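Mind having a look at this structure? Questions to follow.
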Amino acid sequence: MRKPCCDKQDTNRGAWSKQEDLKLIDYIRKHGEGCWRTLPQAAGLLRCGKSCRLRWINYLRPDLKRGNFAEDEEDLIVKLHALLGNRWSLIAGRLPGRTDNEVKNYWNSHLRRKLISMGIDPNNHRPNTINLPRPHHKNSQAVSSTAKLSAGLKTPTNDQPARSRVAIIVTKYRTVQVA
DNA sequence: AATTTAAGCAACCGCGAATAG
DNA sequence: CCTATTCGCGGTTGCTTAAAT
């Protein structure tokens, strides 16, 4: 009863070849999205379903925009991130033609640094207070974000945006999605 | 010109959520 | 309901290319 979703034996991994892309595109054009588990076999691909899904969602889908982010897209991402935190799929849902992976990558490699250079803590979107000494403030939240940057450390939970507000938005979104 | 370091990005992994049976 | 299976998300890795030394 153990049927691993990606058993590693003779399935390809890593970068996709042109032929694999074509097979996947062709199959989905004919049969539509869905049932990623059985797709590889049906499409004649030596990949796990998960890998196929990722490739399609993030790269092959015809409605993808790609290319540089426009300024208004950047603004939107920053605003939505302030509201939602690292909920990339929700954020990407607001940016037509962009994927969560793309938005996430763009945030981590550009936007984050941009905010930091502007003296804004990308975790809470507030001016960085690192340089303002607060003698008797024990549970200081103004931890250097630059220090965490490369290490990729998780931020303490108290840096998160207001949960209640987020929950409402998420619920709303989900309702719309399901309907 | 050769080597090292950093940036950028596609793809992977683990886990929780959703769904099927 | 409960359990097993599949999906989707977010964090992370690792390869490729660009920049610095």
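Of the conditions (1) more than 9 Å from DNA strand B (Cβ to nearest atom); (2) out of contact with any Pro (no Cβ under 8 Å at 6 or more places or on another chain), A:Leu84 satisfies every one except a single condition; which number is it?
Looking at each condition in turn, A:Leu84 falls short on (2).
Please determine, by comparing only the residues of the stretch A:1-32 that are part of a loop (DSSP other than H, G, I, E, B) and surrounded by 12 or more Cβ atoms within 10 Å (Cβ to Cβ), which one is modelled with the highest pLDDT.
First, the residues of the stretch A:1-32 that are part of a loop (DSSP other than H, G, I, E, B): A:1-17, A:32.
Filter once more, so that each one left must be surrounded by 12 or more Cβ atoms within 10 Å (Cβ to Cβ): A:6, A:11-12, A:16.
Working: A:Cys6: 53, A:Thr11: 80, A:Asn12: 89, A:Trp16: 95.
Top of the filtered list is A:Trp16.
Another one. Among (1) charged (D, E, K, R); (2) within 12 Å of DNA strand C (Cβ to nearest atom); (3) within 16 Å of the chain's Cα centre (by Cα), where does A:Lys79 come up short?
Status for A:Lys79: all satisfied but (2).
Here is a list: A:Lys50, A:Lys65. Which entry is away from DNA strand B (no atom under 11 Å from the Cβ), loosely packed, with under 15 Cβ neighbours inside 10 Å and more than 23 Å from A:Pro122 (Cβ to Cβ)?
A:Lys65
If you check A:Arg61, A:Arg37, which single one turns out to be touching a helix residue (DSSP H, G or I) at 6+ places or on another chain (Cβ under 7 Å) and at pLDDT below 95?
Every option except A:Arg37 fails the conditions.
A follow-up question, please. Go through the stretch A:71-99 and give me each residue that's free of Cβ contacts under 8 Å to residues at least 60 places away in the same chain, of a type in the set (Lys, Arg) and farther than 18 Å from A:Arg61 by Cβ.
Scanning the stretch A:71-99 gives a single hit, A:Lys79.
The values are calculated or read from the model by the stated rules, or taken from the named source; none is laboratory data. This one's a predicted model, so the numbers in the text were calculated from it and none came from an experiment. All Cβ positions, even for glycine, are placed from backbone atoms using ideal geometry, and neighbour counts span all protein chains on display.
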